[in-house]
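Asks: Dropping a structure here in structure tokens format, bear with me for questions.
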Amino acid sequence: MRLHNKVAVITGAGSGIGEAIAHRFAAEGAYVVGASISGRAEKVAAEIGGSAIGIKADVGDEDDVRRLITTAEDAFGRIDILVNNAGFGGGLMPLHEQTTENWDRVHDVNLKGVFFCMKYGVLSMRRTGGGSIVNISSATSLVGFKHHSVYGAAKAGVNQMTRAAALDYADDRIRVNAVCPGTIWTGLVPMSQESPEPPPGVDRVPGIPIDRWGLSDEIASAALFLASDEASYITGAALPVDGGYSIGYSGMGAENPGRSID
């Protein structure tokens, strides 16, 4: 029960990594407030039970984020943990083919959404004596990856905002860290719609030192560690959970079938 009686707000909690984090945090004793733009976070909250609520919210909308934080405070009295997981991959293509519309939407969700959530989350945590923020970034923020210029730029911004915020709020007892997932088997991968885990024959991922897909539960484990008091002396970190992708990258391109960087 590493999060006993903690209150955790988790964005993008309706599926994939966010859903796994919501279930893991609840199993570790947390009260969970899950948000998703689709409304699926309400279904996840129902699965968890009375210690969770689900809210439909767009993290790229400041009013929605303000309402999310207020709802969590009204329901449970405070916020101890904030996990900024909501993300949008956008179109993966060479930079010169990218559109302004795609740039705006990718950055609205992946960067501005994290900014909004951190802003209002920090204001809440400062009132109650501190907390832990975990931003879900990406391995594409650490190394270049073909066709990921827009997405990678947004996630690199998340890392830098994580570092700066860690300095801004250390005196307020607020830790700020990031997790950088690599190739994770989630709903972003078309084949995953038919199988919750990689089936034989597609379980290997060439170019990754640990030659397999990562699982959402493995990202949830990293987020749990950083959110918990076990990581009480860690702030400003960007932790790769990528099977060695960011150190052993082989130049594999976005044209490879089934590959998705969360």
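The values are calculated or read from the model by the stated rules, or taken from the named source; none is laboratory data. Fair warning: this is a prediction, and the values are worked out from it, not measured in the lab. Counting neighbours? That spans all protein chains shown, and the Cβs are built from the backbone with ideal geometry, glycine included.
Asks: Go through the residues of the range 37-53 one by one and say whether even a single one is among the charged types (D, E, K, R), within 27 Å of residue 213 (Cα to Cα) and touching a Gly at 6+ places or on another chain (Cβ under 8 Å).
Replies: Yes, there is a match, as at least one residue in the range 37-53 is among the charged types (D, E, K, R), within 27 Å of residue 213 (Cα to Cα) and touching a Gly at 6+ places or on another chain (Cβ under 8 Å).
Asks: Let me ask you something else. Take the residues in the range 58-77 that are in a loop (DSSP other than H, G, I, E, B) and farther than 24 Å from residue 222 by Cβ, then tell me which one is farthest from the chain's Cα centre (by Cα).
Replies: Among residues in the range 58-77 that are in a loop (DSSP other than H, G, I, E, B) and farther than 24 Å from residue 222 by Cβ, the one farthest from the chain's Cα centre (by Cα) is 77.
Asks: Right, next: Just one of the numbered conditions (1) within 24 Å of residue 218 (Cβ to Cβ); (2) modelled with pLDDT of 95 or more; (3) under 17 Å from the mean Cα position of the chain (by Cα) is not true of residue 89; which one?
Replies: For residue 89, the failing item is (2).
Asks: Among the residues of the range 91-142, which ones are polar (S, T, N, Q) and not in a helix (DSSP H, G or I)?
Replies: Across the range 91-142, the qualifying residues are 98, 99, 132, 135, 137, 138.
Asks: Still on this structure: Which residues, counting only those in the range 204-241, are free of Cβ contacts under 8 Å to residues at least 40 places away in the same chain and among the charged types (D, E, K, R)?
Replies: Listed by number, the residues that qualify are 204, 211, 212, 218.
Asks: Go through the range 62-78 and report how many residues are among the basic types (Lys, Arg) and buried (at least 20 other Cβ atoms within 10 Å of the Cβ).
Replies: Residues flagged as among the basic types (Lys, Arg) and buried (at least 20 other Cβ atoms within 10 Å of the Cβ) within the range 62-78 amount to 0.
Asks: If residue 169 satisfies all but one of (1) crowded, with 19+ Cβ neighbours inside 10 Å; (2) at pLDDT 95 or above; (3) under 18 Å from the mean Cα position of the chain (by Cα), what's the number of the condition it fails?
Replies: Result: residue 169 fails condition (3) only.
Asks: Okay, moving on. Filter the range 39-48 down to the residues that are modelled with pLDDT of 95 or more and not basic (Lys, Arg) and list them by number.
Replies: 41, 42, 44, 45, 46, 47, 48
Asks: In the range 15-55, what count of residues is obtained for those that are crowded, with 18+ Cβ neighbours inside 10 Å and either of a type in the set (Ser, Thr, Tyr) or part of a strand (DSSP E or B) (or both)?
Replies: Qualifying residue count for the region: 11.
Asks: In this structure, is residue 139 more than 25 Å from residue 166 (Cα to Cα) and in contact with a strand residue (DSSP E or B) (Cβ under 9 Å, 6 or more places away or on another chain)?
Replies: For residue 139, the condition - more than 25 Å from residue 166 (Cα to Cα) and in contact with a strand residue (DSSP E or B) (Cβ under 9 Å, 6 or more places away or on another chain) - is not met.
Asks: Something else: Among the residues of the range 1-33, what is the count of those that are closer than 17 Å to residue 61 by Cβ and small (Gly, Ala, Ser)?
Replies: The qualifying residues number 3.
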